[in-house]
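One structure is given below, encoded as structure tokens.
The values are calculated or read from the model by the stated rules, or taken from the named source; none is laboratory data. From a predicted model like this one, the values you see are computed outputs, not experimental measurements. Glycine also receives a Cβ, built like all others from the backbone with ideal geometry; neighbour counts cover every protein chain displayed.
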Amino acid sequence: MQVTSLHKHYDLLQSIHGDKNLVSVYGAGKINKPKVCFIFMNPTSRNISTSPDWKGLRAPWLGTKSTWKLFAQIGILSEKLNIEIQNKKPGDWDEEFCQKVYKEVKKNNYFISNLAKCTFHDSTNPSNKVFKEYRELMLQEIEILKPKIIISFGNQVSSILLEKAINIGETRKKSLDLIVNKKTYKVFPVFYPVGQGMRNIGKSIEDIKFIIKLIE
């Protein structure tokens with residue numbers, strides 16, 4: 001469920017840019033031509049798999065709740081599984097349950113990742129400079145995955161990925177081209193739906209549902 005060949009490279013950047021007491025968190029899901037590759041910003045210590053003592057899958061949003069509500073509404077996982085997630089405290093997530101969640105993500109043909117895999121204790125965003133250092137590895141990840149489309153979250157991530165200034169208010173439900181090793185991928189920038197971006201979660205859900213219908 002993960003592109004393990006890139007993990008050592010992400011770990012090197014974690015040692016340079018991330019919190020020295022935390023570890024990298026990698027993308028996970030369907031790794032062979034997923035319907036959608038979702039690209040968020042970077043993990044924080046709210047994700048239980050950022051702990052060096054964690055022995056299970058290291059993947060986005062483990063031990064959290066709000067983003068899985070969005071995923072349930074757009075069909076990445078079932079409402080039944082979402083209810084299980086919402087009823088769990090972070091400490092209740094064990095290795096088996098994390099595998100269960102991402103097996104459903106994989107089964108439904110999605111891949112969830114972050115542009116930067118470096119982790120921090122707080123929610124401070126990495127600088128553009130740090131994001132740019134991860135961009136080449138993200139392109140390699142995309143080249144291996146070969147997703148049907150890419151959905152990038154937020155102006156900053158979308159701008160770094162596409163190497164052009166993106167204002168999502170002006171690009172909603174529109175695709176932009178990303179060329180990776182001579183292959184063109186359609187990228188749809190979407191409002192960031194987490195943290196301060198929660199105020200835009202309704203727009204994010206609306207846009208993602210619209211985008212997914214285009215490829216079904």
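Considering G18, G29, the condition of being at pLDDT 95 or above and among the small types (G, A, S) is satisfied by G29 alone. Every condition in (1) at pLDDT 95 or above; (2) more than 17 Å from P60 (Cβ to Cβ) is met by E141 except one, and the failing one is (2). When restricted to residues that are touching a Phe, Trp or Tyr at 6+ places or on another chain (Cβ under 6 Å) and small (G, A, S), the stretch 169-196 contains 1. Contact map, the stretch 159-175: first residue surrounded by 13 or more Cβ atoms within 10 Å (Cβ to Cβ), second residue in a loop (DSSP other than H, G, I, E, B), Cβ cut-off under 6 Å, separation 6 or more or different chains; pairs are S159/A165; S159/I166; I168/F191.
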